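A.B. asks: My questions all concern the structure below.
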Amino acid sequence: MDTRRLEAFVKVVDLGSMSRAAKLLNIAQPALSQQIASLEVDFKRKLLDRSARGVRPTDAGQILYRYAKSIQRQIDEARRTIFENRSGLTGNVTIGLAPLSSAALLATPLLMQVRERHPGVVLHIYDSSGIMLSEMVLKASMDIAVLYGDRPVTGLDYKPLMREHFYLVAPRIMYSNQVPSEEVSAAELAQFDLLLPYRESFLRQAVERVCAEVGLRPRVIAEIHSQSTLSSAIAAGLGAAVLPMSIAKALPNFDELCIRRIDAASASQQMSLCISDNVALSDAAFAVYKILLEIIVKNWGQFDCSSGSAAVAAGGPAAPLGGPKDEP
């Protein structure tokens, strides 16, 4: 198999355009079309659907794309190891950590441990909103993700870790005339001016569900995706947020906040460890995977990979598994 044809195929899928891929690869479009056609002959399947809106992979094309991405990364790792003449593990490993979740707090200890044990491994960490972590793992653009959800997906393996509960995080000025209780109901939550992430995010969807349970809609006054901006807005008394306890505790003005557990069945999400179940991890990615498991057990408690049961949950006692299954 000519790896250049695989590279061309991956580029076409990534860009969704034959002409753009040909320009980027610096080859004529008819030559690129011939490379794709030869791949379709080899695999005896149609790999791409072409339309006026662009090019999309067929089901067979999606399978080839995942394996081609894995092959590309292994070749890159081999080339880097040879050129740099390094001993030990080398290569790039891509990790996704659900933003505004306990997963985001795993980044620093993971960086430290990988740097100490495998200095030749370069981590690429995604923890920003707007990125479909599970989709990146499915497309082989990401090795490992710690995300919300436990929904069975063809091509993905989910290992449930813990259930994370959400809290109302508000500046004390909002409670100037009352003594806050330990919990807030769904009806009370809907009365707050809320600072929430974009509508497709797991937090926003959780808040929408909580309010919908009592026939209400959340009063969103601003959509904020940055944790630092969110912290500043809360400190300025502009509104309240909904966060897991682990992130609330990490806010610089934590002692000046009122934090109340949301008393609603939908105010929690299952957190899972996600990898591909049909593309093997590289040696470097597997080493990082093992380190990540160690850090998760140390911080969140022991869990059983075979059954998915978790011993502890961040911000409170362990909760039964199940419930919401979406991970935007």
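A.B. asks: Looking at (1) surrounded by 13 or more Cβ atoms within 10 Å (Cβ to Cβ); (2) of a type in the set (D, E, K, R); (3) part of a helix (DSSP H, G or I), which is the one condition that is false for residue 56?
C.D. replies: Of (1) surrounded by 13 or more Cβ atoms within 10 Å (Cβ to Cβ); (2) of a type in the set (D, E, K, R); (3) part of a helix (DSSP H, G or I), only one is false for residue 56: (3).
A.B. asks: I've got another one for you. Would you check which residues across region 188-204 are open to solvent by 50 Å² or more (accessible area, probe 1.4 Å) and either modelled with pLDDT under 90 or over 29 Å from the mean Cα position of the chain (by Cα) (or both) and list them?
C.D. replies: Kept after step one, since they are open to solvent by 50 Å² or more (accessible area, probe 1.4 Å), are these residues of region 188-204: 188, 191, 193, 199-200.
If the condition is that a residue be open to solvent by 50 Å² or more (accessible area, probe 1.4 Å) and either modelled with pLDDT under 90 or over 29 Å from the mean Cα position of the chain (by Cα) (or both), then 188, 191, 199, 200 are the ones that fit.
A.B. asks: Being farther than 30 Å from residue 65 by Cβ, modelled with pLDDT under 85 and acidic (Asp, Glu) narrows it down to one residue among 256, 327; which is it? Steps first, please.
C.D. replies: Numbers: 327 fails: farther than 30 Å from residue 65 by Cβ.
After applying the criteria, what remains is 256.
A.B. asks: Just a yes or no: is a residue in region 68-77 small (Gly, Ala, Ser), open to solvent by less than 80 Å² (accessible area, probe 1.4 Å) and farther than 26 Å from residue 269 by Cα?
C.D. replies: Yes.
A.B. asks: Out of all the residues in region 23-53, which are open to solvent by 70 Å² or more (accessible area, probe 1.4 Å), touching a helix residue (DSSP H, G or I) at 6+ places or on another chain (Cβ under 7 Å) and in a helix (DSSP H, G or I)?
C.D. replies: Hits for region 23-53 are 24, 29, 43.
A.B. asks: Answer yes or no as to whether residue 285 is at pLDDT 90 or above and within 30 Å of residue 68 (Cβ to Cβ).
C.D. replies: Yes; evaluated as a whole, the condition is true for this residue.
A.B. asks: Then there is this: What do you reckon, is residue 185 open to solvent by less than 70 Å² (accessible area, probe 1.4 Å), among the hydroxyl-bearing types (Ser, Thr, Tyr) and within 30 Å of residue 124 (Cβ to Cβ)?
C.D. replies: So residue 185 does not fit the description; no.
A.B. asks: Follow-up. Mind checking which residues of region 237-252 are open to solvent by 20 Å² or more (accessible area, probe 1.4 Å) and farther than 13 Å from residue 221 by Cβ? Even if it seems obvious, please write down each step before you answer.
C.D. replies: Taking region 237-252 first, the residues open to solvent by 20 Å² or more (accessible area, probe 1.4 Å) are 237-238, 245-246, 249-250, 252.
Answer for region 237-252, where residues must be open to solvent by 20 Å² or more (accessible area, probe 1.4 Å) and farther than 13 Å from residue 221 by Cβ: 245, 246, 249, 250, 252.
A.B. asks: What do you reckon, is residue 207 within 20 Å of the chain's Cα centre (by Cα) and in a helix (DSSP H, G or I)?
C.D. replies: yes
A.B. asks: Where in region 221-301 are there helices (runs of 4 or more DSSP H), lying fully within it, with 1 or more residues that are farther than 18 Å from residue 162 by Cα and under 19 Å from the mean Cα position of the chain (by Cα)?
C.D. replies: 227-235, 283-300
A.B. asks: Separate question: Within region 164-176, restricting attention to residues that are touching a strand residue (DSSP E or B) at 6+ places or on another chain (Cβ under 9 Å) and open to solvent by 20 Å² or more (accessible area, probe 1.4 Å), which residue is modelled with the lowest pLDDT?
C.D. replies: Of the residues in region 164-176, the ones touching a strand residue (DSSP E or B) at 6+ places or on another chain (Cβ under 9 Å) are 164-172, 174-175.
Within this subset, residues satisfying the condition of being open to solvent by 20 Å² or more (accessible area, probe 1.4 Å) are 165, 172, 174.
Values: 165: 94, 172: 79, 174: 68.
Among them, the one singled out is 174.
A.B. asks: Let me ask another. Tally time: how many residues in region 185-205 are without any contact (Cβ under 8 Å) to a residue 60 or more places away in the chain and within 21 Å of residue 228 (Cα to Cα)?
C.D. replies: The first filter runs over region 185-205 and keeps only residues without any contact (Cβ under 8 Å) to a residue 60 or more places away in the chain, leaving 187-188, 190-196, 199, 204.
Filter again for within 21 Å of residue 228 (Cα to Cα), leaving 192-196, 199, 204.
Final tally of qualifying residues: 7.
A.B. asks: Could you check, for region 95-106, whether at least one of its residues is of a type in the set (A, V, I, L, M, F, W, C), surrounded by fewer than 17 Cβ atoms within 10 Å (Cβ to Cβ), touching a helix residue (DSSP H, G or I) at 6+ places or on another chain (Cβ under 7 Å) and not in a strand (DSSP E or B)?
C.D. replies: no
The values are calculated or read from the model by the stated rules, or taken from the named source; none is laboratory data. Model, not experiment: these values are computed from the prediction. Glycine also receives a Cβ, built like all others from the backbone with ideal geometry; neighbour counts cover every protein chain displayed. Accessible surface areas use protein heavy atoms only, side chains included; no ligands, DNA or RNA. Shrake-Rupley method; radii C 1.70, N 1.55, O 1.52, S 1.80 Å.
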